[in-house]
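The values are calculated or read from the model by the stated rules, or taken from the named source; none is laboratory data. Please read these numbers as outputs of a predicted model, since none were measured by experiment. Cβ coordinates were reconstructed from backbone atoms using ideal geometry, including for glycine residues, and neighbour counts include every protein chain displayed.
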Amino acid sequence: MNKTALNIIRFVVLVLAQVLMVNHIRLGGYVHPYIYVIFIMLLPIHIQDWQLLLLGFLLGLCVDLFTSTPGLHAGATTLMAFCRPALLRLVNGNQKFENIHDPNLEQLGGVWFLRYTFSMVFVHHSALFLLESFSLSLIGQVLLRILISVPVSVFLIMMFLYIFKGERKGESR
């Protein structure tokens with residue numbers, strides 16, 4: 001399948017999965033998982049910076065339109081897209097991405113991808129929850145939401161990727 005078509009399908013599926021299913025997961029008022037960030041994480045490594053920022057903004061804007069959160073997700077995903085190249089370098093260390101086109105679980109391994117996912121989700125959730133509270137007087141609640149929501153989101157993202165990894169390769173589970 002064409003990479004552009006795959007990314008369009010991934011965009012639509014992740015936004016719909018987020019707004020129709022995952023947004024309804026609320027545990028104790030502090031757990032707010034977000035899986036739609038997978039789209040930004042799986043974009044090609046050597047994508048142009050302006051394209052990455054534009055796609056991050058559009059992804060967040062689509063979620064904002066469905067959830068009536070004016071600009072919160074757009075701001076958080078744009079920041080995450082902005083930080084992505086630096087986080088890729090940080091997580092990868094001195095190694096170069098010579099033969100790797102996309103950051104994925106199969107080529108880079110579970111441990112690498114878990115670190116990458118954790119760092120990307122942490123940036124997104126921190127920005128989102130800080131923008132949502134927009135007050136330092138609520139910093140304790142914001143930190144608690146970040147500390148609880150990040151591991152839950154990472155867990156759901158890794159489950160989602162493992163489930164669809166097997167189907168993409170035609171493997172049986």
Just name the residue that is nearest to the chain's Cα centre (by Cα) out of those in region 34-52 that are buried (at least 16 other Cβ atoms within 10 Å of the Cβ) and not in a loop (DSSP other than H, G, I, E, B).
38
Any residue that is crowded, with 20+ Cβ neighbours inside 10 Å, among the polar types (S, T, N, Q) and either modelled with pLDDT under 90 or in contact with a His (Cβ under 8 Å, 6 or more places away or on another chain) (or both) - is there at least one of those in region 103-123?
no
Say whether the condition of being at pLDDT 90 or above, surrounded by 13 or more Cβ atoms within 10 Å (Cβ to Cβ) and either assigned to a helix (DSSP H, G or I) or of a type in the set (Asp, Glu) (or both) is met by at least one residue in region 19-33.
yes
Keeping to region 59-81, report how many residues are assigned to a loop (DSSP other than H, G, I, E, B) and in contact with a helix residue (DSSP H, G or I) (Cβ under 7 Å, 6 or more places away or on another chain).
2
Is region 69-84 home to any residue that is hydrophobic (A, V, I, L, M, F, W, C) and more than 22 Å from residue 7 (Cβ to Cβ)?
yes
